[in-house]
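Quick notes on the structure that follows.
The values are calculated or read from the model by the stated rules, or taken from the named source; none is laboratory data. Everything numeric in this text was worked out from a predicted model, so none of it was measured. Cβ sites come from the backbone with ideal geometry, for glycine too, and all protein chains shown count toward neighbours. Keep in mind that these areas ignore ligands, DNA and RNA; they rest on the heavy atoms of the full protein, side chains included. Shrake-Rupley method; radii C 1.70, N 1.55, O 1.52, S 1.80 Å.
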Amino acid sequence: LFRLTQYIRHHPDPYYTPEPDCCHKLLGHVPLFADPNFAELAQEVDLASLGASFEDIEKLATIFWFTAEFRLCRKDGIIRACGAGLLSLFGELEHALSDVPIRLEFEPSKAVEQKYPITEYQPLYFVADSFRDATAKLREFNKTMKRPFQVRYNPYTRLVEVLDSKDKVQRFAQSITN
């Protein structure tokens, strides 16, 4: 399921919109979800939110902002844009790749403490080497969250399984060895 809006940015300023419009969804998110590594990152955020406290959900939303929406990546030593917000907003993209904003290595524990504006260009971007790198760091961060249970996505059944008992954990471990 992928929700899409009917809103489209105003013609006097096509380079920036503070609201997610159909250009943002179609030019930013759709190509990213075609990348299995990005889809895995998004799924990791979604799974971590199940059973999480409101405070932790706010942290996950901030991580999503700095990874899925406004993240930079490094490839062969060159900084590139790879967040949906950057890919769909020419003005923000130009700003992100300039010398104006601050750039920090992506660390979820630092990202969750960062405030971000939603109506102007970002003053700060996090840089990760890849979606896999960001996902690995996110998984480590998720281990620090206190939840009453753990979950995993079963790609064979396409269901989210709650691991809340010793028996379920043992069955999960057995499925890995099979």
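Give region 110-130 a look and list any residue that's open to solvent by 10 Å² or more (accessible area, probe 1.4 Å), within 13 Å of Phe66 (Cβ to Cβ) and of a type in the set (Phe, Trp, Tyr), or say none. Selection gives Tyr116 alone. Of everything listed in (1) closer than 21 Å to Lys59 by Cα; (2) open to solvent by less than 20 Å² (accessible area, probe 1.4 Å); (3) acidic (Asp, Glu), the single unmet condition for Glu107 is (2). Residues that are in contact (Cβ under 8 Å) with a residue 40 or more places away in the chain and under 24 Å from Lys137 (Cβ atoms) were ranked within region 76-104; the one that is most open to solvent (accessible area, probe 1.4 Å) is Leu87.
Please indicate, with yes or no, whether at least one residue in region 149-157 is farther than 18 Å from Glu40 by Cβ and in contact (Cβ under 8 Å) with a residue 24 or more places away in the chain. So far as region 149-157 goes, yes, one or more of its residues are farther than 18 Å from Glu40 by Cβ and in contact (Cβ under 8 Å) with a residue 24 or more places away in the chain. The residues listed here are Thr144, Thr157; of these, the one that is open to solvent by 40 Å² or more (accessible area, probe 1.4 Å), over 25 Å from Asp35 (Cβ atoms) and outside any helix (DSSP H, G or I) is Thr144.
Among the residues of region 43-75, those identified as crowded, with 18+ Cβ neighbours inside 10 Å, of a type in the set (A, V, I, L, M) and closer than 22 Å to Arg103 by Cα are Leu60, Ile63, Ala68, Leu72. His29 falls short on exactly one of the conditions (1) at pLDDT below 90; (2) open to solvent by 20 Å² or more (accessible area, probe 1.4 Å); (3) part of a helix (DSSP H, G or I), and that condition is (2). Taking the listed residues Arg103, Arg147, Arg171, the one that is basic (Lys, Arg) and in contact with a strand residue (DSSP E or B) (Cβ under 7 Å, 6 or more places away or on another chain) is Arg103, with no other qualifying.
Restricting the search to region 106-134, which residues are free of Cβ contacts under 8 Å to residues at least 40 places away in the same chain and touching a strand residue (DSSP E or B) at 6+ places or on another chain (Cβ under 9 Å)? Glu107, Lys110, Pro123, Leu124, Asp133, listed by residue number. For Ala136, the stated conditions hold: it is open to solvent by less than 80 Å² (accessible area, probe 1.4 Å) and either at pLDDT 85 or above or outside any helix (DSSP H, G or I) (or both).
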